[in-house]
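The values are calculated or read from the model by the stated rules, or taken from the named source; none is laboratory data. In this text the structure is predicted, and so the values were computed from the model without any measurement. Reconstructed Cβ throughout: ideal geometry from the backbone, glycine too, with neighbour counts over all protein chains shown. For the accessible areas, the whole protein counts, side chains as well, though only heavy atoms, and no ligand, DNA or RNA atoms are used. Shrake-Rupley method; radii C 1.70, N 1.55, O 1.52, S 1.80 Å.
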Amino acid sequence: MTIATQCGHELTARLLDQKSECALDACFDKILEHLTQGNHAYALLFCKQFTPQQIPNTVFTYLEETLTEADIESQVKRLEKLKPSVEVHYYHRKGIFPAKFENNILGFLVIELIEDELISPLESLIAHLLNVFVKQLSTLHYACIDPLSQLLNRQTFEEKVLSVVARDNHAAMRQGYAERRWYLAMLDIDNFKGVNDTFGHVIGDEVILLVAQLLKSSFRAEDYVFRYGGEEFAVLFPSQCPTTAFNGLERIRMLIEAARFPQVGSITVSGGFVALVNIGQTSEAVHQADQALYYSKQHGRNKMTFFDDLNIAPLEPIHSDIELF
Ligand SMILES: Nc1nc2c(ncn2[C@@H]2O[C@H](COP(=O)(O)OP(=O)(O)OP(=O)(O)O)[C@@H](O)[C@H]2O)c(=O)[nH]1
């Protein structure tokens, strides 16, 4: 029964030390592995409200059965009905630990049990570490979020582009298939100055928020949507080819065109996009997508343009330590 005294502070310090979601997940994974001595299967599942589309669902080790989103939601509801003080709840040979943040249950950690129950010092240590993990995850999460639109902020942009593109494109190349590439789209609300001038900045802000919500609900869970600047958004998404990417963006352009905004009525967006292939730096990709966006603006707005269709010679490669591939 020495686990809690031996590990409590040390493990907490290790968790708090982690500065990115991935590093934090990996650390929590290792700590759980260590505490359960690899004898238990475990999964950490968050309900959708907490798991913004940009944060991948944190599932470390899949339990034998697959839990659907509905299962997760019903389990969260079930936990919410229990006393707030409940630390662990046993159900079908599983220990279910509620993951709480600011008194709301956001998800849960499931540990499949070998024994009937976990020994109580281990139980309270896991509950404590889960608490630290969720708090740290929330802090990291909110540092990446733009407060007005609730999208990922500009500060997160470069880091995400580099990590996602390098990881997936390398994997695709290694496996010998090249059909799945990442694309970067820059989208900008048309004539937005007119919205502000006519209806005021508060209504302007509301339009930004509603467009952000439409974008977030239209892209897939694996895509990344950023508020890049005032009324400009950046989207990072994988697609099989430029035509599929174009069709996806067109669908969203039409959705925004058809939406009704309180007081303002309708608005449109223009966009430009680029395939993230053979691009040395993030700034180069942004520049190319911006050129395509500029073309859309110059050619009537409410339009999507693929950079390659502009037939602009690529820039000379800029030598830098930061490389996408
Ligand atoms: N309400 C609000 N307005 C913003 C925000 N950020 C930037 N703006 C405004 O967005 C407007 C952007 O105007 P412009 O860059 O001239 O572009 P535009 O009127 O959208 O015209 P085009 O892009 O050419 O279609 C400016 O009036 C900015 O003040 C914000 O966070 N909230």
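What helices (runs of 4 or more DSSP H), lying completely within the stretch 165-274, carry at least 3 residues that are within 13 Å of the ligand (Cβ to nearest atom) and modelled with pLDDT of 95 or more?
By residue number, 192-199, 201-218.
When only residues in the stretch 133-154 that are among the polar types (S, T, N, Q) and part of a helix (DSSP H, G or I) count, which is most open to solvent (accessible area, probe 1.4 Å)?
139
Please work out which residue is least open to solvent (accessible area, probe 1.4 Å), limiting yourself to the stretch 269-312 and to residues that are among the charged types (D, E, K, R) and over 21 Å from residue 159 (Cβ atoms).
297
Considering only the stretch 1-35, how many residues are over 25 Å from the mean Cα position of the chain (by Cα) and modelled with pLDDT under 80?
Final tally of qualifying residues: 8.
Quick check: anything in the stretch 296-309 in contact with a strand residue (DSSP E or B) (Cβ under 6 Å, 6 or more places away or on another chain) and of a type in the set (S, T, N, Q)?
yes
Out of the residues in the stretch 275-287 that are without any contact (Cβ under 8 Å) to a residue 40 or more places away in the chain and of a type outside the set (Asp, Glu), state the one that is nearest to the ligand (Cβ to nearest atom).
287
What number of residues within the stretch 210-240 satisfy the criterion of being of a type outside the set (S, T, N, Q) and either touching a His at 6+ places or on another chain (Cβ under 7 Å) or exposed (fewer than 14 other Cβ atoms within 10 Å of the Cβ) (or both)?
The qualifying residues number 5.
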